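The block underneath contains the structure these notes are about, expressed in C-alpha cells.
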Amino acid sequence: MDNSKTVDKNVPQPKTGVMDIATYVPSKSKVPADVTLHKLSSNESPIGPSPHAVAAVAESISKMQDYPDGSSTQLRNAIADVQGLNAENIICGNGSDEILGLLATTFLANGDEAIFTEHGFLVYRIATLAAGATPVVVKEDDCKADVDAILAAITPKTRLVFLANPNNPTGTYLPIEDIRRLHAGLPGNVVLVIDAAYAEYVRRNDYESGIEMVSGNSNVIMTRTFSKIYGLAALRIGWAYGPRPMIDALNRVRGPFNVNAAAIAAGTAAIQDKVHLEHSIAHNDEWLLKVTTALEALGLKVTPSVGNFVLVHFSETAGKTAAEADAYLTKRGFVLRAVTGYGFPNALRMSIGSEEANLGTLAALKKFLS
Ligand SMILES: *Cc1c(COP(=O)(O)O)cnc(C)c1O
C-alpha cells in the first residue's frame with residue numbers, strides 16, 4: 001500500500017503492513033449485572049485445569065524472584081515423554097500464538113507470501129502482516145480448507161502455509177491423506193505450519209495431528225496449545241514440534257525467557273494427568289453431539305465440528321439474524337462468539353460448555369426462534 005502522500009515524515013511510522021492489521025478483538029464477556037455469565041465464546045475448557053497443574057502453579061510462585069528456565073526444559077521433557085518425541089525438536093511459547101508469530105518473523109521477509117484459507121484463524125493474517133509479508137487468502141470449499149486451491153495459490157514468493165487442523169471457527173478438518181497431498185505439492189522451501197490446537201478433541205480414524213508429517217519431512221512444523229483441552233488459557237502455554245534446523249532458528253528469534261515459571265510448572269503437571277485429559281475429552285464427546293443434535297432440531301444449520309465448538313448458521317429466510325440471536329443470548333448471560341471477522345456475518349460460534357451452560361443456551365435459543 002502506498003501511503004506516501006499522507007504520511008508525516010517527522011513522526012515515527014510503523015513499517016509497511018503494520019497499519020493494515022485489524023486489531024484482534026477478543027470475545028466479549030459483559031452481561032447484565034443480574035444474570036449469570038456463561039462464556040461460550042473463547043473455546044475455553046468447562047472442566048478447567050488438572051488439580052495437579054493448580055498445585056504446581058501455587059508452588060512455582062514461591063520463587064517469583066528467580067528467572068524461569070529460558071529453555072523450558074522441564075516442560076519440553078514432559079511433552080516429549082508423553083508424546084514419544086525428542087525434546088530437542090520441541091519449542092515452547094507464550095501460547096501457540098507466540099509461536100505462530102515467531103514462525104512468521106523467522107521465515108517471512110518483505111514481499112514474501114504466506115497462504116491461509118478464507119475462514120482460517122485470524123492470527124495468521126496478523127503474524128504475516130507484522131512480518132512485513134503479504135497474506136494470500138484462499139477460498140474454502142463449504143467451510144473446509146481446499147488443498148487444490150492452496151496449491152494453486154503458490155508462487156515463487158510463497159514461504160509459508162498456515163493450516164489449522166481442525167480449523168477455528170469452522171470446526172472442520174482435513175484427513176491425513178489430504179495433508180500429505182498438500183505437502184507433496186509444496187516446494188521444499190515452503191514451511192507447512194499445521195496448527196493442531198484442537199487435536200485432542202478429534203475422534204476420527206483418518207485424522208492425525210501432524211507428528212508423523214513432521215518426523216518425515218524437513219519443512220513441516222506442528223503447533224499445539226495448553227489453552228483449550230488443558231484448561232490453562234490464562235497462563236499462555238503453547239509448543240511446537242518441528243525439524244531440528246527450524247526449531248534452532250525459532251530459538252534464536254524468541255525472547256530469552258518467553259515462557260514464565262508458572263506456565264512451565266502448570267504445563268508439566270497438566271500433560272502428565274491423563275485421567276483429567278480423558279475426563280475432558282469424554283465431556284466434549286457427549287456434549288458436542290448433544291448440542292449439535294439439539295441445534296439442528298431447532299432448524300439451525302451447524303457445520304459438522306470435530307472440535308470443542310460449533311459454528312451455527314442463521315438463515316436469512318427465517319428473518320432472525322445472528323446479531324439478533326447474539327443480543328438476545330447475551331441479555332440472558334449466554335455469550336457466544338460473533339464471527340463476522342472470520343467471514344461469517346450471519347453465524348455464531350458456540351463453545352461446548354458445562355451442562356448448565358449448554359442446556360441454558362439451547363433453551364434460550366429455542367425461545368428466541370419461536
Ligand atoms: C485457540 C487457538 C490457538 C491457541 O492459541 P494460544 O495462543 O495457545 O492460546 C491456536 N490456534 C487456533 C486455531 C486456536 O483456535
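Bear in mind that the values in this text are calculations on the coordinates, not laboratory data. Fair warning: this is a prediction, and the values are worked out from it, not measured in the lab. Every residue, glycine as well, gets a Cβ built from its backbone with ideal geometry; the counts of neighbours run over all protein chains shown.
Taking Cα centroids, how far is region 13-91 from region 99-154 in Å?
That distance is 23 Å.
Before anything else, pin down the relative contact order of region 51-273: Cα pairs under 8 Å, at least 6 apart, normalised by residue count, whole percent.
Normalised by residue count, the contact order of region 51-273 is 30 percent.
Which of the lysines could a cross-linker bridge to LYS144, judged by Cα under 24 Å and excluding same-chain residues fewer than eight apart?
Once the sequence-local lysines are set aside, what remains near LYS144 is LYS228, LYS290, LYS301.
For region 58-116, what D do you get in µm² per second when you plug the Kirkwood radius from alpha-carbon pairs into Stokes-Einstein at 25 °C and 0.890 mPa s?
D = 175 µm²/s.
Using a 7 Å offset from the Cα along the Cα-to-Cβ direction at both THR6 and LYS290, what is the distance between the two label points in nm, to one decimal?
Label-label distance for THR6 and LYS290, simple model: 5.1 nm.
Give the Cα extents of the chain along the principal axes, in whole Å, largest first.
57, 55, 50
Excluding the sites themselves, what is the longest stretch of the chain that contains no trypsin sites (Lys or Arg not before Pro) in a DSSP loop with at most 16 other C-beta atoms within 10 Å?
205-370
So what J values fall out for region 100-115 if you push phi through Karplus, 6.51 cos²θ - 1.76 cosθ + 1.60 with θ = phi - 60°, rounded to Hz, Gly and Pro as x?
Here the 3J(HN,Hα) series is 4, x, 4, 4, 5, 4, 7, 10, 10, 10, 3, x, 5, 10, 10, 9 Hz.
What full-extension length gain, to one decimal in nm, is calculated for SER354 and LEU369 as 0.36 nm per residue of separation minus the Cα-Cα distance?
Stretched out fully, the SER354 to LEU369 stretch lengthens by 3.2 nm.
Classify region 151-286 from the C-alpha gyration tensor, please: rounded if a/c falls under 1.5, else prolate or oblate depending on whether a/b exceeds b/c.
Taking the square roots of the gyration eigenvalues as a ≥ b ≥ c, region 151-286 is oblate.
At a Förster distance of 22 Å, what's the computed FRET efficiency of VAL253 paired with SER42, Cβ-Cβ distance as r, to 0.05?
0.20
Most fluctuating residue of ALA53, ALA270, ALA109 in a GNM of the chain with Cα springs under 10 Å: which is it?
Residue with maximal mean-square fluctuation among ALA53, ALA270, ALA109: ALA109.
On average, how much area does the Cα convex hull of region 102-161 cover when viewed from any direction, in nm²?
Projected area, direction-averaged: 3.6 nm².
Kindly write out, for region 199-213 in residue order, the coupling ³J(HN,Hα) from the Karplus curve 6.51 cos²θ - 1.76 cosθ + 1.60 (θ = phi - 60°), rounded to whole Hz, with x marking Gly and Pro.
Whole-Hz 3J(HN,Hα) from phi for region 199-213: 3, 5, 7, 6, 10, 9, 5, 8, 9, 9, 5, x, 4, 5, 4.
Can you classify region 308-370 as rounded, prolate or oblate using the Cα gyration tensor, where a ≥ b ≥ c are the square roots of its eigenvalues, rounded means a/c under 1.5, and otherwise it's prolate if a/b beats b/c and oblate if not?
It comes out oblate by the Cα gyration axes.
Using a Gaussian network for the chain with springs between C-alpha atoms less than 10 Å apart, which of these wobbles most: LEU295, LEU336, LEU311?
Greatest mean-square fluctuation among the candidates belongs to LEU295.
How large is the dipole of region 51-273 about the Cα centre if only Lys and Arg carry +1 and Asp and Glu carry -1, each at its Cβ, rounded to the nearest 20 debye?
360
Length gain on complete extension for the stretch LYS30 to THR321, per 0.36 nm per residue less the alpha carbon to alpha carbon distance?
Details: separation 291, 0.36 × 291 = 104.76 nm, distance 2.05 nm.
The LYS30-THR321 span can extend by a further 102.7 nm.
Kindly provide the helix-only [θ] at 222 nm of the chain, computed as the sum of -39,500 (n - 2.57) over DSSP H runs of four or more divided by all residues, to the nearest 500 deg cm²/dmol?
Helix contribution divided over all residues of the chain: -11000 deg cm²/dmol.
Please check which bits of region 220-243 a label hung off ALA282 would reach, taking the label as a point 7 Å along Cα-to-C-beta and the cut-off as backbone N under 18 Å.
From region 220-243, the list is 229-231.
Can you find, among GLN65, LEU102, GLY120, the residue farthest towards the positive end of the dipole of region 64-164? Put +1 on the C-beta of Lys and Arg, -1 on that of Asp and Glu.
Going by the Cα projections, it comes out as LEU102.
Given the options ASN358, ASN217, ASN260, state which has the largest fluctuation in a GNM of the chain using a 10 Å cut-off (strictly under) for Cα springs.
Among ASN358, ASN217, ASN260, the largest GNM mean-square fluctuation belongs to ASN217.
Taking the Cα centre of region 1-83 as origin, work out the dipole magnitude from +1 charges on Lys and Arg Cβ and -1 charges on Asp and Glu Cβ, in debye rounded to 20.
Values: 8 positive and 9 negative charges, 60 e Å.
Roughly 300 debye for region 1-83.
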